[in-house]
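Structure, as structure tokens:
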Amino acid sequence: ALGKGSDLEKAFATAALVYTNYADSESKLSKAETKSLLQSQFWHFIQGQENKPKYQEIMSSLDEESENKINFEDFMILLVSLTLMSDLLQEIRNVKTTK
């Protein structure tokens, strides 16, 4: 659908597709499913973050026993939050690309 889309559009479309593939019939993820998705699909951004208090807070909230499920909007906020605290983000910022 986004064959001619920009890199950014394709990135967001991919995030939406991955979320949809993991989500239930109500288009939501349980906290356990969210944690599993992050660990399998977002590993490079979260690796090495285990000692950061904010990371621990986010991940422990996903361990809580709760009926609450995560919708796509909350999932995207979670991805952005984890990306902003990631060491990988700094490495990416240090890479210059030419076009």
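The values are calculated or read from the model by the stated rules, or taken from the named source; none is laboratory data. No experiment lies behind these values; they were computed from the predicted model shown. FYI the Cβ positions are ideal-geometry reconstructions off the backbone, even for glycines, and counts take in every protein chain you see. Calculation scope for accessible area: heavy atoms of the full protein, side chains included, ligands and nucleic acids excluded. Shrake-Rupley method; radii C 1.70, N 1.55, O 1.52, S 1.80 Å.
Against the numbered list (1) modelled with pLDDT of 85 or more; (2) touching an Asp or Glu at 6+ places or on another chain (Cβ under 9 Å); (3) aliphatic (A, V, I, L, M), Ala11 comes up short only at (2).
For first residues located in the stretch 34-45 and assigned to a helix (DSSP H, G or I), partners that are hydroxyl-bearing (Ser, Thr, Tyr) and lie 6+ apart or on another chain with Cβ distances below 6 Å form the pairs Leu37/Tyr22; Phe45/Thr83; Phe45/Ser86. Applying the criterion of being of a type in the set (A, V, I, L, M) and over 15 Å from Thr83 (Cα atoms) to the residues of the stretch 9-47, the residue that is least open to solvent (accessible area, probe 1.4 Å) is Leu29.
Determine, yes or no, whether Ser61 is in contact with a helix residue (DSSP H, G or I) (Cβ under 8 Å, 6 or more places away or on another chain), open to solvent by less than 50 Å² (accessible area, probe 1.4 Å) and of a type in the set (S, T, N, Q). Answer is yes for this residue.
Residue count for the stretch 48-67 under the criterion of being touching a residue at least 24 places away in the same chain (Cβ under 8 Å) and either within 24 Å of Leu84 (Cβ to Cβ) or of a type in the set (Val, Ile, Thr) (or both): the result is 11.
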